[in-house]
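Single-structure report; data block below.
Nothing in this text is a laboratory measurement; each read-out follows from the coordinates by a stated rule. As the structure is a prediction and not an experimental result, all values here were calculated from the model. We place every Cβ from the backbone using ideal geometry, glycine too, and count neighbours over all the protein chains shown.
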Amino acid sequence: MRNKLLFVVGGLVVIIVSLYVGVQVVLAPIVVVDKNNNQNIMSNSFSLSSSAFVDGELIPAQYTCDGNNTPPPLIISGVPVGTKSLVLVMDDSDIPREVKEARGIEKFDHWALYNIPPETTEISNLENFSAGENGIGEMSYTGPCPPANYKPTEHHYSFRLYALSGNLNFIKAPTLDELELAAAEMMIKKTELVGRYQRATVPTK
């Protein structure tokens, strides 16, 4: 007969199976099954999420130019040990070809924050973190606003969060690209949240 003992060590399920001729130890990751029957490894992984939308899904209009144009609430978890600051950026690479050619850009920058304290667990519109410039030269959030008369009409918005081993210093407010370039030199870990948005109709002036 075999007797199985189950216990947890360092985030792993350890199964000891007693055999007549010895002991076999099996290590297996703890997994949880979500409501969509997807298996996810249970760990303190670095992640960015939102109470307003699920990764890959639509961003509510209230967080866009069609609403209050305020940032969606973001939730941070699993910040790596040794993190001294966090960097958050948001951009849109689905901007129309005409805009890319006219402005000489490949994406539009919506939001850039840095030197966010590592103990931060939520970012909303209330915090006063150090800010970089967005695509219109302002040091603030500007929400999704894809032009409905250009294709693609639905755009994807990437929120990227970086855990850094130090703090960043700039003589003047950095652009999003400058911020990511500096962050890359002391990055411990990175995570991403993606949202989508499509305007219902072409706005009339």
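Laid out as a table, the results:
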quantity	calculated
Whole-Å distance, taken between Cα centres, linking the stretch 124-160 and the stretch 57-97	8
Cross-link pairs Lys107/Lys151; Lys107/Lys190; Lys151/Lys190 - those with Cα-Cα distance over 24 Å	Lys151/Lys190
For the stretch 128-204, diffusion coefficient by Stokes-Einstein and Kirkwood Rh (Cα), 25 °C, 0.890 mPa s, µm²/s	167
Net charge contributed by nearby residues that have their C-beta within less than 12 Å of Pro144 (K/R +1, D/E -1)	-3
